[in-house]
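Taken together, the values in this text are just the output of simple stated rules run on the coordinates, not laboratory data. Everything numeric in this text was worked out from a predicted model, so none of it was measured. Neighbour counts are summed over all protein chains in view; Cβ atoms, including those assigned to glycine, are modelled from backbone coordinates with ideal geometry.
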Amino acid sequence: MATELHNLSEYDASKVPDASNMCFGIVVAEWNPEITTALLLGAVNTLKAHGALPENIHIKHVPGSFELIYGAAQMCKNDGFDAVIVLGSVIKGETPHFDYICQGVTYGIARLNASQNIPVIYGLLTTNDLQQAKDRSGGRLGNKGDECYQDGKILIYIIVLEIFLSLLYWGIFLFLRQEHEAIGCSYVTGNPYY
């Protein structure tokens, strides 16, 4: 999405559920601290604005954006979090280092999302220069940290829905199995004549 067309801090707060019963882990990179501190403040303030208790917001710092993957993986191992948010800033320089870091972090967070039971929210700014990073960390285009809570809530509700549908499926399956067995149907074939 083109951030120029959408302020990262603007959203319909009435559509965002209450977070008072939720626990969040936040991993923040220390590299580019002017930017990552602003992202962290945005995320924490947004969580609190939606009811998250300060004691349910756990923050860990890592040296740089590449280490966000490890930090998030460690937080995922803790069963107490409903979501983990990663916050970092990579600003393009003169070497391909920018591309490697951005690609590595993106791939690592995607792998965590595919392998963990809780969502890991991608809050990495990848910008061409410092001004673009400032614009997206509380400047004229809002704060990516604000946006992370909204993404996390959506993913959490998707996971809850998947669990509900899974339980519903197994409940129906077990009910039908019990009904078939009660009338003499073979569970394996479903045919009452076997």
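The table for this structure:
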item: Stretchable slack from Leu53 to Glu34, in nm (0.36 nm times residue separation minus alpha-carbon distance); result: 4.3 nm
item: Other-chain or far-sequence residues with amide H under 5 Å of Ile26's (modelled H); result: His58, Ile59, Lys60, Ile85
item: Linear extension gain, Asp129 paired with Asn45, 0.36 nm per residue minus alpha-carbon span; result: 27.7 nm
item: Loop-resident sites, the range 95-139, for chymotrypsin sites (Phe, Trp or Tyr not before Pro), counting at most 14 other Cβ within 10 Å (DSSP); result: none
item: Extended-chain gain in nm, criterion 0.36 nm per residue less alpha-carbon gap, Thr106 and Asn78; result: 7.9 nm
